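Have a look at the structure below before the remarks.
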Amino acid sequence: MQRKELELADGRLYYEIHRGEAFIEEFRGQASEVIVPATIESFPVAGIGKKAFLSKKNIRRIVLPDTVGEVGEWAFAYCSGLEEVVLGSARVRFGRAAFLECTALSKITLETEGFQPELLAAAVTSMDVFYLLELPAVGTKEWLEKWDARLMAILHTPDKSGYSKQVLCGEEDYGSTDLAAYMRRSRLKKARLSFLRLLHPQRLSERDRKELENFVLSHTKGCDTDEAWQVILKEHGHEKAYYRFFAELGGVTKENLEAILADIGEEYPEMKAYLLSSVGDESQTEDFFSGLEL
């Protein structure tokens, strides 16, 4: 088969035609968004080949047409800047490690009722459960039960689990062999996932909800460790939904408010004003928020 080239904005797609269908074999370029066409030379684009977008760190968003039915192994692996993948069809099959080390990926989107783009993205990044890439099942009762089972397994795993492997691999692979730092990263991951599920609570059982809430509240400012608060501050400090939820849950109290405000400093003035309002005078919270623009 002859390899051909298609010019895009800030890049090129390399493809082959096989049995009346086009297959994307490689992307080259500096584009931050890649929209894969539905047809090339009047042939439907049926697949994304193995390693086609491997390590394209500039890409932030990829849109696939509804003609694509297969995404090959490692197709988007190591795209560390990739934040969203928009799918055109639920019939897409994904090869092994298609999103390996896509650490910024926060949404795998499909325009269908009940779909869970944030939970699906977390499944293949933070949770390492590629078996949840069953698109027709996403958002169903059975799929969410599998998602929650994996989340609870992570939550119940000791913070130092896997540390010995890190030590054996050495600092060059993991950045540090410090046990305290390793355990802190583990708690940050647990807090990150707990917030995500609590903010997308469809079909979340009461038992699991309470356990996730308890984890968050036991890792806020003023506790022995404060990873839940650090996730809010460092990763979602500008997002209304996160700090509103955190405050209403009880993660901010009159006892820890001063220390939290000191952490915020001057970086997020809207957040600081809201926390002052919500903790200082609850009756003002709704009026304050209705006028707040981030």
| query | For PRO37, are the conditions met, namely being closer than 28 Å to LEU193 by Cα and surrounded by 15 or more Cβ atoms within 10 Å (Cβ to Cβ)? | reply | no
| When the residues of segment 8-24 are filtered to those that are within 18 Å of ARG61 (Cα to Cα) and open to solvent by 30 Å² or more (accessible area, probe 1.4 Å), which remaining residue is modelled with the highest pLDDT? | ARG12
| field | Complete set of residues in segment 111-136 that are of a type in the set (A, V, I, L, M) and part of a helix (DSSP H, G or I) | value | LEU119, LEU120, ALA121, ALA122, ALA123, VAL124, LEU132, LEU135
| Given (1) in a helix (DSSP H, G or I); (2) modelled with pLDDT under 95; (3) open to solvent by 30 Å² or more (accessible area, probe 1.4 Å); (4) over 19 Å from GLU118 (Cα atoms), index of the condition THR285 fails | (3)
| request: Identify all residues within segment 1-26 that are hydrophobic (A, V, I, L, M, F, W, C) and out of contact with any Leu (no Cβ under 6 Å at 6 or more places or on another chain); write none if there are none. | output: MET1, LEU8, ALA9, ILE17, ALA22, PHE23
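Which strands (runs of 3 or more DSSP E) does segment 1-62 wholly contain that include 2 or more residues that are over 21 Å from the mean Cα position of the chain (by Cα) and among the charged types (D, E, K, R)? Spell out how you get there, then give the answer.
Values: elements: 4-8, 11-18, 21-29, 33-35, 43-48.
In segment 1-62, the matching strands (runs of 3 or more DSSP E) lie at 4-8, 11-18, 21-29.
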| note | The residue from GLU145, GLU101, GLU84, GLU113 that alone is touching a strand residue (DSSP E or B) at 6+ places or on another chain (Cβ under 9 Å) and acidic (Asp, Glu) is GLU84
| query | Limited to segment 92-110, what total is found for residues that are within 8 Å of THR125 (Cα to Cα), over 9 Å from the mean Cα position of the chain (by Cα) and surrounded by fewer than 20 Cβ atoms within 10 Å (Cβ to Cβ)? | reply | 2
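The values are calculated or read from the model by the stated rules, or taken from the named source; none is laboratory data. Please read these numbers as outputs of a predicted model, since none were measured by experiment. Reconstructed Cβ throughout: ideal geometry from the backbone, glycine too, with neighbour counts over all protein chains shown. Note: areas computed on protein heavy atoms with side chains; ligands, DNA, RNA excluded. Shrake-Rupley method; radii C 1.70, N 1.55, O 1.52, S 1.80 Å.
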